[in-house]
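Reviewing the structure listed below.
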Ligand code: UDP
């Protein structure tokens with residue numbers, strides 16, 4: 001791919017799990033990247049890992065995107081061709097307990113970003129989620145599948161931010177892409193960056209790796225009485241590096257003016273449903289260990305089954321998932337062991 005002139009991309013939330021992997025893939029594809037993060041939900045581990053992988057200090061701005069003056073100052077200092085917005089709170093349960101915290105932060109920061117992008121003519125990539133589909137009737141889900149009413153304020157912020165972007169693109173002649181992620185898992189093959197949940201993990205794979213290493217006693221599999229083959233939920237687990245590559249494709253599509261519509265949406269998944277039990281078994285097999293787990297009641301708010309039709313992303317972005325579930329689970333385990341070496 002030829003990038004004759006280096007383009008600059010802002011990654012808000014670039015010190016987090018997805019943002020750090022995206023930063024690496026963008027930089028390796030030839031983009032200049034500026035990371036901005038308020039470090040409210042992470043430490044410096046991933047930022048340091050990104051710099052180690054890339055072999056250089058990456059530009060980093062510590063700031064909060066709810067702070068309008070800080071956002072203006074950032075856009076006065078840099079000329080961004082595109083931005084990717086990750087900076088948001090992401091705990092579903094917490095959002096139910098404290099909706100104002102989620103609405104204030106996740107909506108306020110994105111509104112500031114949109115205003116700055118409008119003024120500066122920056123293309124916007126928004127990190128959305130398959131949660132917008134709720135419990136889908138037809139599977140796999142395409143981008144045309146109906147959105148369902150959100151079951152949490154967190155899910156609602158994803159839908160609302162999609163709508164903010166759609167409306168701004170329409171009104172102001174901007175360009176935007178929303179990527180709807182399925183279940184991102186794994187870690188960078190270098191084991192230098194990965195997922196670093198604070199406290200007890202909500203997500204399945206960090207819970208698995210923490211149980212395997214002895215930080216948690218036992219994994220609870222939420223529900224084995226679903227009407228699926230083995231009774232556990234079905235998800236589309238997407239490798240984090242594959243997911244990160246999709247962002248490079250989407251940014252390139254925007255900055256090279258290749259979009260068919262000024263606002264586009266793409267599912268980012270593998271297209272393959274995997275059950276919780278299959279994932280646990282695959283983890284045990286590839287890493288040659290036994291995991292302590294029990295079956296527990298269903299978790300409130302969980303959908304039974306969802307997986308992507310990633311065909312549109314393949315046709316339009318030229319992207320598809322390449323890494324296998326065992327490869328991804330081996331990377332997740334290597335990362336957990338790296339964290340243990342770091343004493344984290
Ligand atoms: N899950 C589980 N035990 C856990 C965490 C998750 O059985 O400790 C299940 C959960 O019920 C769901 C799947 O793993 O079926 C993926 O959950 P996760 O929270 O990772 O992602 P979600 O699909 O809910 O966004």
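Per-structure values
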read-out	value
Radius of gyration and maximum dimension Dmax of the stretch 253-344, Cα, Å	18.1, 51
For the stretch 1-131, radius of gyration divided by Kirkwood radius, i.e. Rg to Rh on alpha-carbons	0.96
Protection proxy ranking, peptides 64-74, 262-272, 234-244, average beta carbon neighbours within 10 Å, highest first	234-244, 262-272, 64-74
Packing rank of 54-60, 78-84, 253-259, where each peptide gets the mean count of other beta carbons within 10 Å, highest leading	78-84, 253-259, 54-60
q = 0.24, 0.30 Å⁻¹: log10 I(q)/I(0) that the Debye formula gives for the stretch 298-344, counting C-alpha atoms only	-0.86, -0.98
Convex hull projection area averaged over all views, the stretch 172-257, Cα basis, nm²	9.3
Inter-label distance for residue 258 and residue 340, nm, one decimal - labels placed 7 Å from Cα along Cα-to-Cβ	4.2
Fraction of alpha-carbon pairs over 23 Å apart in the stretch 66-150 - percent	39
Beta bridges by DSSP in the chain, antiparallel share as percent, to the nearest 5	5
Ordering of 20-30, 40-50, 291-301 by packing [mean C-beta count within 10 Å, highest first]	20-30, 40-50, 291-301
Scattering profile of the stretch 206-251 at q = 0.15, 0.22, 0.25, 0.27 Å⁻¹ [log10 I(q)/I(0), Debye over alpha-carbon scatterers]	-0.66, -0.85, -0.89, -0.92
Hull-based mean projected area of the stretch 130-216, where the convex hull spans the alpha carbons, in square nanometres	8.5
Principal axis dimensions, largest first and in whole angstrom, of the chain by Cα	53, 44, 41
Cα→Cβ-extended label distance, 7 Å offset, between residue 312 and residue 119, nm	3.2
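Each value in this text was obtained by applying a stated rule to the coordinates, not by laboratory testing. These numbers were taken from a predicted model, which means no experiment stands behind them. Note that we place each Cβ from the backbone using ideal geometry, even for glycine, and neighbour counts take in every protein chain shown.
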